[in-house]
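The values are calculated or read from the model by the stated rules, or taken from the named source; none is laboratory data. Bear in mind the structure is a predicted one, so any value in this text is a computation, not a measurement. Glycine gets a Cβ as well: all are built from the backbone with ideal geometry, and neighbour counts include every protein chain shown. Heads up: the accessible areas ignore ligands, DNA and RNA and are worked out on the full protein's heavy atoms, side chains in. Shrake-Rupley method; radii C 1.70, N 1.55, O 1.52, S 1.80 Å.
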Amino acid sequence: MAASTDTTADQPTGKAETAKKAGAPARSDGSDAFLSVRDLRVHFSTDDGVVKAVDGLSFDVEKGRTLGIVGESGSGKSVSSLTILGLHNREKTKIEGEIRFDGRELITMPERKLRDLRGRRISMIFQDPLTALSPFYTVGEQIAESYRRHLGANRSDAHARAIEMLDRVGIPNPKTRVNDYPHHFSGGMRQRAMIAMSLVCDPDLLIADEPTTALDVTVQAQILDLLRDLQDEFGTAILFITHDLGVIAQMAHDVLVMYAGRSVEKGTVREVLKNPRHPYTWGLLSSMPNLSGDVDVPLRPVRGTPPSLLAPPPGCPFHPRCDYADVVGGERCRTEPPLLALSEGRGTACHLSAEDKQRIFIDDVRPLLG
Amino acid sequence: MLRFLVRRLLGVAAILLVVSLITFYLFFAASGEDSVVRLSCGKNCTPEMRETVRHNLGLTKPLLEQYWIFISGIFAGRNIGEKTCNFPCLGYSFANNQNVSHTVADRFPTTVSLAIGAVVLFMTLGIGLGILAAMRRGKKTDKVATGFALLSGSAPIYVLGPLFIYLFVQQLGWMDRPQYHQFTDDPFQWASGLLLPWICLMTIHMAMYVRLTRSTMVDVLSEDYVRTLKAKGLSGRSVYIKHAFRGALSPIVTVLGVDIGVLMSGTIITESTFSLHGIGMLAVTSVTDSDLPMMMGVVVIAASFTMLANLVVDLLYAVIDPRVRLS
Ligand SMILES: Nc1ncnc2c1ncn2[C@@H]1O[C@H](COP(=O)(O)OP(=O)(O)OP(=O)(O)O)[C@@H](O)[C@H]1O
Ligand code: SF4
Ligand SMILES: [Mg+2]
């Protein structure tokens, strides 16, 4: 099989498939990672049918490292992150696969135990810090609430801790600001407060779901700096979700590209941004004028529209929009789903042979990237 | 805050002035002197009485002057004929030979007692059931609670009242026939005498609170920040009570303000159903007794309480929601 000669450690499609069929042993191969997600499927029952929001997603996040997840709107980024915390309505959601966090399986974990993890060992920051904070309590109360919940601190200790956290995330006059309500804060300040709240219990994993999308560029850069500093200080693993490759370039160590609820390409930031191997990633990258520039240009959509998650296209979900399906011989792309190697490191889910990927990238794609 | 309060109080005063002026005009000027005298003199009116009334009402003076005498009397007291009517003077009832303020003050405890007990009951039960329904939405508890609310809220008091009296007083003997005793005389008698009307009012009013609490809480639960709370690891109880219910307070307080205003100004149907002599009954008898000054007094009192309840609600908004600025 042509794919087996892929130079970038892509596991041969065939082998990956057998590995997957073999079940558990293959799935557990990445379980020494701090967070390891294997073949995750999240299906929602809705009135219109089953929404396959996540449909075979695998990735690892290591301690002290940042994994960036990038993909178009609707590709299942938020759903995946909420699944890690078990925040979906269990009755309307079917979740399959494996989420191992520090050796523990989260999908089957009872709600009570999950609750002890949430905000304590895994915490989350959201896109819009205004709507993500309660308008009825002061910023300090909301930070202290987590601390008291998980560490059993008393009111005054928790209050002092809230001030300390506000100070640490760079909010001036933390002693007075701690008593302000979220609507007294500016957007960037609010996101800092949100970060303070998420880090108050020293979590091991921070999930940041588009934390800077609602902010202007300068503030965005400050928040990214802050997150990087805090990561250096605490060694927190970060799962950083965005649809902005520019932010990924600044923030992440590793990248996972998602499409229609699946992982289509993964690797280190350098590998994926400088030497992308998947036609969808090519599309994403060529819609960005200048990668190394500081100005982060929002993603221009790739040709065509994202697929329906109710009835995703058979085979490779990207084939209706892919310029290279013909290179493979269109039939295969339309019928056989390409799989991403489950092992760590570099990989793509595409039927193109390694030579074709290399050639197309050098000839067609690289000239488009500044 | 203080400026807001002063401004709002002035606003309330202005509205009360307008309301009372209009009422005053309708009662004492619109229908002509003879009919005003007739309607103020009571049912058994002798020609001498008629003359006293005519004289004491001062109907020959211009309307605004009459109104001024009425209003200033409220604050400063005044003389009506040979009777002195001290602050707060709402007028004199010729039909009953009573000072209006005294009668109102007499009747008021009945209305207030009726209102307090009912409010406490329907608020705790209505809100409690509403919270429960929101917490178990889509489940059996929710359906039972909302179904019950639908049923109980649709029964009018004049049907429910006699039914309850028949059932609980006459047949089962569980409760006393409604009667007002002074709280200061015997708190237990006070409560047991009002228990039946309280339960009736609770049954009718709580429906609204069940529905309102449930629906606003469900709305709040779909807010973004609730997801944050869950992501913080908070228990269901803190999410529901500390946060979702907190977010649902404003609309509840709004409706509560209206209800309290209505109940405090005397509910005619409730009081006549249970033959309790509060402000509501006073309004009825002042009409049947041809007692315009008494009617005027009742209207002023009712309007004041409605306005006051409104003001309290507005102040509470600011306490409940820190985003509301009092300015
Ligand atoms: N509870 C739910 N029930 C049904 N469908 C859902 C639910 N939550 C999400 N979805 C659907 O799942 C898909 C993936 O949503 P998700 O929010 O993960 O996208 P995303 O990648 O985060 O996009 P964005 O960049 O816009 O945030 C969307 O089509 C969305 O409509
Ligand atoms: S598998 Fe085929 S359709 Fe899918 S990305 Fe590769 S070439 Fe395109
Ligand atoms: Mg999202």
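Side notes on the structure shown:
- Conditions (1) acidic (Asp, Glu); (2) without any contact (Cβ under 8 Å) to a residue 12 or more places away in the chain; (3) facing chain B (nearest Cβ under 9 Å): number failed by A:Glu164: (3)
- If you filter region A:247-270 down to residues that are within 16 Å of ligand 2 (Cβ to nearest atom) and assigned to a loop (DSSP other than H, G, I, E, B), you find that the one that is farthest from A:Asp167 (Cα to Cα) is A:Ala260.
- Within region B:1-14, if we keep just the residues that are in contact (Cβ under 8 Å) with a residue 12 or more places away in the chain and open to solvent by less than 80 Å² (accessible area, probe 1.4 Å), the residue that is farthest from the chain's Cα centre (by Cα) turns out to be B:Phe4.
- The residue pairs whose first member lies in region A:77-89 and is at the interface with chain B (Cβ under 9 Å from one of its Cβ atoms), whose second member is open to solvent by 10 Å² or more (accessible area, probe 1.4 Å) and within 8 Å of ligand 1 (Cβ to nearest atom), and whose beta carbons are closer than 8 Å, counting only pairs six or more residues apart or on different chains, are A:Leu82/A:His88.
- Restricting region B:208-233 to residues that are at the interface with chain A (Cβ under 8 Å from one of its Cβ atoms) and in contact with a Ser or Thr (Cβ under 8 Å, 6 or more places away or on another chain), the residue that is nearest to B:Gly147 (Cα to Cα) is B:Glu223.
- Residue count, region A:150-171 (criterion: under 27 Å from the mean Cα position of the chain (by Cα) and either under 19 Å from B:Gly233 (Cβ atoms) or in a helix (DSSP H, G or I) (or both)): 4
- Pick from region B:29-49, criterion touching a Leu at 6+ places or on another chain (Cβ under 8 Å) and modelled with pLDDT of 85 or more, ranking: farthest from B:Glu65 (Cα to Cα): B:Leu39
- Residue-level analysis places B:Ile279 outside the set of residues that are in contact with a helix residue (DSSP H, G or I) (Cβ under 6 Å, 6 or more places away or on another chain), more than 30 Å from A:Arg115 (Cβ to Cβ) and open to solvent by 50 Å² or more (accessible area, probe 1.4 Å).
- Qualifying residue in region A:53-65 (condition: touching a residue at least 12 places away in the same chain (Cβ under 8 Å), of a type in the set (Asp, Glu) and closer than 26 Å to B:Gly236 by Cβ): no
- Matching residues in region A:100-151 - criterion: being open to solvent by less than 20 Å² (accessible area, probe 1.4 Å) and closer than 17 Å to A:Leu35 by Cα: A:Phe101, A:Leu106, A:Met109, A:Leu114, A:Leu117, A:Arg118, A:Gly119, A:Ile122, A:Ser123, A:Met124
- The numbered conditions (1) free of Cβ contacts under 8 Å to residues at least 40 places away in the same chain; (2) within 14 Å of chain B (Cβ to nearest Cβ); (3) charged (D, E, K, R) are all true for A:Glu210 except (1).
- Filtered residues of region B:93-106 (kept if modelled with pLDDT of 90 or more, in contact with a Pro (Cβ under 9 Å, 6 or more places away or on another chain) and not hydrophobic (A, V, I, L, M, F, W, C)): B:Ser101
- Identification of helices (runs of 4 or more DSSP H) wholly contained in region B:77-188 with 3 or more residues that are among the small types (Gly, Ala, Ser) and within 24 Å of the chain's Cα centre (by Cα) yields B:100-135, B:140-153.
- Taken residue by residue, region B:186-201 has no member that is under 30 Å from A:Met109 (Cβ atoms) and buried (at least 22 other Cβ atoms within 10 Å of the Cβ).
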